[in-house]
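Heads up, the thing below is written out as structure tokens.
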Amino acid sequence: MTRYVPFVEGVTVSGTTVTIIAEAVQTFSVLRQWLLETLGVAAVDPERWYPQADILRTYDKVESLLGGRGLARLGKLVPAKAILPPGIHDAHSVLALLDATYHLNHRLDGVGMFDPATGAMLEGIGHYHYQGQAGARTAVMICDNPYPCRFDMGLFEGFVARFESTVTVTHAPEGCRAHGDPRCTYQASW
Amino acid sequence: MERRDRGEAVPLLRDGRRGRTARGVDLRGHRRPATFEKAGRGGRSRRSARVTTSEARASRAGACRLISFRAAVAREASITSSSSRRPPEAISVAVPRIDRIHDLLAAISLDEFDPASDLLPIDHDDRFAALEETINLFARQLDATVREHRETIRQLEASRGALAEQLATVERQRAAIRELSTPVVELWDDILALPVIGLLDAARADEMTSELLERIVTSRARCVIIDVTGVELIDTSTAGHFLRLIAATRLVGALCVITGIRPKIAQTMSQLGIDLSGARTLATLKEGLQACFAHLGRGAAPVRANGPGGALR
């Protein structure tokens, strides 16, 4: 079984993101309880920041209980509840800005990992690399972050589904983080 | 079964000694000496016990077959447990087969199960395949049950929707009836009429009062004629409603005239001591209208071929 661990110590995740995750697993009360117990809280506070290691442990639990299918479902549910920042108006923009949004919701040693004013981004949590062309109904995403492969597949599907009615996300054959490779490559089509 | 095939366990009836059961009766109900062995946990401790003579007698009556059977089962378990000291049979299973089961169970948990694609392929002939078949059976049965429940819920929701629609229709009809039962009509300029027909209960009286006061205010009427020609029965309660209606009318500054009191009603009211002195009472609607004109200083009603006044001619 894959163990999901942070790349570096001192990384925290925004309470807003954790709230969305908690809401996504709400129908699975056991998982929700597991998340809260892992975080050591009775309820998720959107204003707080939570250790990334604890969030990854929750993903680990989801995988051990519900397999890759469960992770994909969780990933798909998150975008449905996420509030998109201004400037995101289609599938391309949501995927292109995913890395910035991802870093915006993480802190390293208490410091925000993305500064929207300057565009400066700290390293330590990997990336969501976007390769796409405006107008095309497909995009390539390359993930080298510590989150589960199947979760990210669900995440892309969920984000594109906010703008498109049909979405297909496929995993390229070259390498998979679930098998110890450094990155996964996906193609999202709609 | 397999244990028997391997000859590890001896069925109770194949061996005279082991066939002996509690209370001295074997599975066939044959009498046995009243001595039996009781296996301890895991078959490691055994002890002998002698059954009392009276118990042995009771068992001879053949009434304890159930107890005997239980003892037989206990012995069977003991034998199995003894044989379990041997290494259990082991089989090797490829991880993808386990992963498929994991995925199937996850699909069921996530409500994504599709029998067409998620059932386990049975392409081996081993003990694990039996488990896979059982899991498939469980999944199919669960899926069928879930579908049945969903269909039941759908039908219940459809019924509830139809019922809600019926209730809404009834409520609309009730509102229409309420509206029809309190027909406040503008008889003339500044003059409203409220013909009361049938029984007057508290709820209807409240609605009448509310409707009449609203119309007085909105139309700025100065006179109200409450015509009770259609009231055939009156009691203290009904009279009380009338009195409150009259009082409320006067509070908003309108003249209140009661018309159409039948002799029988008048007699009843008199007997009940109901005092309508707060309102002017007249015999007919025509007289009521004339009283209103007088109050308004308009003299007699103008003659009209059509229109509200025409009915009075």
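The values are calculated or read from the model by the stated rules, or taken from the named source; none is laboratory data. Note that the structure is a prediction, hence the values are computed from the model and not measured. Cβ atoms come from the backbone with ideal geometry, glycine included; neighbour counts cover every protein chain shown. For the accessible areas, the whole protein counts, side chains as well, though only heavy atoms, and no ligand, DNA or RNA atoms are used. Shrake-Rupley method; radii C 1.70, N 1.55, O 1.52, S 1.80 Å.
Here are some notes:
- Loop-located trypsin sites (Lys or Arg not before Pro) in the stretch B:78-159, at most 16 other Cβ atoms within 10 Å (DSSP): B:ARG85
- Cα gyration tensor shape of the stretch A:93-179, rounded if a/c is under 1.5, else prolate or oblate by comparing a/b with b/c: oblate
- Computed on protein heavy atoms with a 1.4 Å probe, the accessible areas place B:ASP275, A:ASP54 in the order B:ASP275, A:ASP54, largest first.
- Placing R0 at 30 angstrom, the Cβ-Cβ distance between A:ILE83 and A:HIS179 gives a FRET efficiency of 0.30 after rounding to 0.05.
- Listed by chain and number, the aspartates and glutamates whose C-alpha is less than 13 Å from the C-alpha of B:LYS286, apart from same-chain residues fewer than 8 away, are B:ASP227.
- Residues B:GLN141 and B:GLU89, FRET efficiency given R0 of 25 Å [Cβ-Cβ distance, rounded to 0.05]: 0.35
- B:ARG280 long-range amide H proximity, modeled H, under 5 Å: B:CYS256, B:ILE258
- Alpha-carbon spread of the stretch B:183-296, three principal axes, descending order, Å: 36, 28, 21
- Extending 7 Å from the Cα toward the beta-carbon at both A:ASP45 and B:ASP123 defines two label points whose distance is 5.4 nm.
- In order along the stretch B:205-221, phi translates into HN-Hα couplings of 4, 4, 5, 4, 4, 4, 5, 5, 4, 5, 5, 4, 5, 5, 8, 6, 5 Hz, rounded to whole numbers, per the Karplus curve 6.51 cos²θ - 1.76 cosθ + 1.60 with θ = phi - 60° and x for Gly and Pro.
- Computed over the stretch A:1-124, the alpha-carbon pair-distance distribution with 10 angstrom bins reads 13, 42, 37, 9, 0, each value a whole percent.
- Low-density loop cleavage sites - GluC sites (Glu not before Pro) in the stretch A:112-179, where at most 16 other Cβ are within 10 Å (DSSP): A:GLU123, A:GLU164, A:GLU174
- Interface area, A with B, accessible, probe 1.4 Å, both sides summed, Å² nearest 100: 800 Å²
- With every protein chain in place and a 1.4 angstrom probe, the accessible-area ranking of B:LYS286, A:LYS76, A:LYS61, B:LYS264, largest first, reads B:LYS264, B:LYS286, A:LYS76, A:LYS61.
- In the stretch A:45-77, the residues whose accessible area drops by at least 40 square angstrom when the other protein chains are added to the isolated chain are A:LEU66, A:ARG69, A:ARG73; the probe is 1.4 Å and only protein heavy atoms count.
- Legend: residues in the stretch B:91-123 shielded by at least 50 square angstrom of accessible surface upon adding the remaining protein chains to the isolated chain (1.4 Å probe, heavy atoms) are B:HIS102, B:LEU110, B:GLU112.
- Built amide H within the under 5 Å cut-off of A:ALA172, gap 5+: A:THR185, A:TYR186, A:GLN187
- Gain in span if fully extended, A:GLN33 to A:ARG137, counting 0.36 nm per residue against the direct Cα distance: 33.5 nm
- Chain A: calculated mean residue ellipticity at 222 nm from DSSP helix runs of at least 4, using -39500 (n - 2.57): -13000 deg cm²/dmol
- Using C-alpha pairs below 8 Å separated by at least 6 residues, the relative contact order for chain A is 23 percent.
- Pairwise FRET efficiency - B:THR134 versus B:ARG154, Cβ, R0 = 41 Å, nearest 0.05: 0.85
- Choice from A:GLY67, A:GLY180, A:GLY40 showing the highest fluctuation, given a GNM over chain A with Cα pairs closer than 10 Å: A:GLY180
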